[in-house]
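Right, one structure below, let's go through it.
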Amino acid sequence: MQATSNLLNLLLLSLLAGLDPSKTQISPKEGWQVYSSAQDPDGRCICTVVAPEQNLCSRDAKSRQLRQLLEKVQNMSQSIEVLNLRTQRDFQYVLKMETQMKGLKAKFRQIEDDRKTLMTKHFQELKEKMDELLPLIPVLEQYKTDAKLITQFKEEIRNLSAVLTGIQEEIGAYDYEELHQRVLSLETRLRDCMKKLTCGKLMKITGPVTIKTSGTRFGAWMTDPLASEKNNRVWYMDSYTNNKIVREYKSIADFVSGAESRTYNLPFKWAGTNHVVYNGSLYFNKYQSNIIIKYSFDLGRVLAQRSLEYAGFQNVYPYTWGGFSDIDLMADEIGLWAVYATNQNAGNIVISQLNQDTLEVVKSWNTGYPKRSAGESFMICGTLYVTNSHLTGAKVYYSYSTKTSTYEYTDIPFHNQYFHISMLDYNSRDRALYAWNNGHQVLFNVTLFHIIKTEDDT
């Protein structure tokens, strides 16, 4: 229970420090609000939770009062223990003094019996005994003070015990178990919520982190969002045309050091830099065509190819930087997508969800945003986010939700560190944007906002 409480406190403090939920225009009454991002050094997901306004534990104030009183009693018990030790020590002094007093009494009797002959000798002994007794006087005074403190402590403990008994009677013995079960239930609900945190609304982009500097000004690099946790292979595709070579690395570390594990020679040249690796296969646009190719790395051959009907190609509807970037293939939590433009949609962006096996179009959405005015784009949770430029000052300016078939203009800036972006793709496993930034391979972290509906909220 304590661990859960600490977790919630940290999460709430994190929210207050870094985010402004008022900007979302969503009331906490609606459900669990969660901000998630991969911000720690290991790239793990950090989640910040804001609970609904409903109070799950109606007796929190009484429980807190009970806990504070119990802590106070514990502290007082420790103080009494210390005083008791001191009292025992002082009592030994008192016993010693009592023995010495009896000795003095005997000496006085001897002096009375023989004042003349023994006066000098016994007087000296008496003086020595008195010198030994002098240090005991402050000890006795301290003993009296300690005794008073012990009496006061005992009285206060009796008062506190009465208060604790009253609170215990008011809450009831059964209520602690009920409270404990509520905390366990809350923890279970939080864990269930975390499992649902695959989708959210983009709120912020931070970074970038430069992974490597290599290649030409244009290119693509990526990992597989559906790969297992132990599979961290990296694929590297330099340039936007006249190339068929894909380089594979077993890990980010190998990629940084340049230790290739394998090289693939594709059967066709690719066009642009907007390729994607998804579930073990590479999807790319065949050069000088609107044909999409699915190539299996494990089998080393093409598994499917299909023309994307009416899609412009060969710099008819590229992004602002050109480079045969007419057709952009991407993947998110929902599946595989193609983003392109057609004459039928007046050169505006078309979003198509693809069948990953056959490459058939499952469904398409026509937007009103000109493809040639877009710097780059990426999908998160079925929503397309479009940047307004590939140069310095670029920001996410437009978004289109395939879930609601609605769009909105946004203002989410990000740092274009090396001034020219020719590839920007979201990886749902890493919760990050992979980018090719003027010959630099970089990662941007994203922060997503989630609303989790629960049964109690309906």
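The accessible surface of the range 363-403, taken with every protein chain in place and a 1.4 Å probe, is 47 percent carbon and sulfur. For the range 234-361, with all protein chains in place and a probe radius of 1.4 Å, 43% of the accessible heavy-atom surface sits on carbon or sulfur. Sorting the segments 230-239, 215-224 by their residues' average number of neighbouring beta-carbon atoms within 10 angstrom, most packed first, yields 215-224, 230-239. The residues of the range 374-458 expose, per residue, 36 Å² of accessible area to a 1.4 Å probe. Approximating the spin labels as points 7 Å out from Cα along Cα→Cβ, the Q288-to-Q344 distance works out to 2.6 nm. Taken over the range 201-449, lysine pairs spaced eight or more positions apart, or on distinct chains, with alpha carbons under 12 Å apart number 7. Our estimate of slack between E333 and S214, defined as 0.36 nm per intervening residue step minus the Cα-Cα distance, is 39.9 nm. Taking 0.36 nm per residue of sequence separation and removing the Cα-Cα distance, the T404/F419 pair yields an extension gain of 2.0 nm. So for the range 332-439, taking the charge dipole from beta-carbon charges (+1 Lys/Arg, -1 Asp/Glu), which of Q356, Q417, W337 sits furthest toward the positive end? Checking the options against the dipole of the range 332-439, the answer is Q417.
The values are calculated or read from the model by the stated rules, or taken from the named source; none is laboratory data. Quick caveat, the model's predicted, so the values are computed rather than measured. Don't worry about glycine lacking a Cβ; one is built from the backbone with ideal geometry, like all the others, and counts go over all protein chains shown. Just the protein is used for accessible areas: all its heavy atoms, side chains included, with ligands, DNA and RNA removed. Shrake-Rupley method; radii C 1.70, N 1.55, O 1.52, S 1.80 Å.
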